[in-house]
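Everything on this sheet refers to the single structure shown next.
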Ligand code: GFB
């Protein structure tokens, strides 16, 4: 059990992959937490896990249970996580500097709101596991130190996994399928727009204020990776099992200029000839100037955006679905929000050939093809 207390959807989704991998290595059930969404004025919204991701395909990978079901099951709760002995596990304390004896599991937001939602208002016990890590390679040590007879439940303060997700966890995306709830919202949206069954291209334009600031980091010139950039800057060499850097990350790949966006869109549409006349724009910021430029440059294209409602995750979920299932996708290489649909396309739907990124020209050959060429 854990709180997905770091980052927004893209970060939480990558850490879910690592948490599944770790739970499997321990042969313990993973309790699936709600996703944490931040609305207007950082309002914390807990989106039920099952509204976003289907449970059945996940169960094919490993034993899982909804955290909300577990918390409502009073019998199970009092048997394996009784209120008087509720331990939290952490690598090291995040509590006040003058009290390092507790994990500080409920300190600050979103930690406090998350646990309060499940009526957990107090940390009874803290277990700090430093220098152990939550890498599956340490599973045997975990089993020895914290056997399930003595520790039927391990509750982590944050996700027991890294961001970005480690390479080994990426294929688990095969089992992360967007829910019917999201699918139906998209079908309704398409029906309303009269585009059911029509081919479309989807592009992710990540360019809000936080993103602009984050991309500035690349101007230092010495960063090899940022957030989810491994998805297009690196590939795994099959023989040596090492990650090979295809190309150094450039600023324009993180924050594409308008010219970069229009050129990439034009070049990509021309590959698909006249087959695509609809372009969905997934974005964190509606830049009306950009929309005007796109309409003027591509007069024969119908541009679509999903309905906005910042206090729910609906728009984000619909954008993720539309990007994942588009005939053609152009993503942001650095963004973990782009990485989620890109992984669905490559790991689940076999759509890697029609998955592109803005900015510098990365080759999208498979590892095997790259390898054969050497
Ligand atoms: O998902 P996320 O971690 O992706 O955070 P990045 C971006 C959030 O912005 C999403 C919203 O969870 C959404 O709430 N958002 C972004 C969007 N793109 C879209 C979109 O196309 N449609 C909709 N509806 N919403 C990084 C983080 O964000 O940003 C880093 O990974 C850091 O931790 C950095 O915070 C500044 O990876 O893009």
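Quick note: the coordinates plus some simple rules give every number you see, no bench work behind them. The model shown is predicted, which means the values in this text are computed figures rather than measured ones. So basically every Cβ, Gly included, is an ideal-geometry build from the backbone, and we count neighbours across all protein chains shown.
The table below lists the values:
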quantity	calculated
Exposure proxy ranking, count of Cβ atoms within 10 Å, fewest first, for 91, 200	91, 200
Share of pairwise Cα separations in the range 243-293, more than 18 Å, in percent	47 percent
Ellipsoid equivalent to the range 124-271 - semi-axes via the Cα gyration tensor, in Å	38, 25, 17
Calculated FRET efficiency for the pair residue 86/residue 309, C-beta based, R₀ 25 Å, to 0.05	0.10
Considering only the chain, percent of DSSP beta bridges that pair antiparallel, nearest 5	25 percent
Spherically averaged projected area in nm², based on the convex hull that wraps the Cα atoms of the chain	20.6 nm²
Mean residue ellipticity (222 nm) of the chain, computed from DSSP H runs ≥ 4 via -39,500 (n - 2.57), nearest 500	-10000 deg cm²/dmol
Pair residue 352, residue 150: separation of 7 Å Cα→Cβ label points (nm)	4.4 nm
Compactness index (Cα Rg / 2.2 N^0.38 Å), the range 266-361	1.09
Angle between the chain longest axis and helix 288-297 axis [Cα atoms, degrees, rounded to 10]	40 degrees
Centre separation in Å (Cα based) which lies between the range 236-296 and the range 302-333	15 Å
Label-point separation in nm, residue 41 to residue 101, each point 7 Å along Cα→Cβ	3.8 nm
Most to least packed among 277-288, 139-150, 53-64 [average Cβ atoms within 10 Å]	277-288, 53-64, 139-150
For 204, 175, 42, order by how many other beta-carbon atoms lie within 10 Å, fewest first	42, 175, 204
Angle in degrees between helix 9-26 and the longest Cα principal axis of the chain, rounded to the nearest 10	50 degrees
Percent of Cα pairs exceeding the 21 Å cut-off, where the set is the range 107-189	56 percent
Folded to 0 to 90 degrees: helix 180-193 orientation relative to the chain principal axis, Cα	20 degrees
Ranking of 203, 6 by count of other Cβ atoms within 10 Å, fewest first	6, 203
Overall Cα dimensions of the range 1-152, principal axis frame, Å, largest first	43, 41, 32
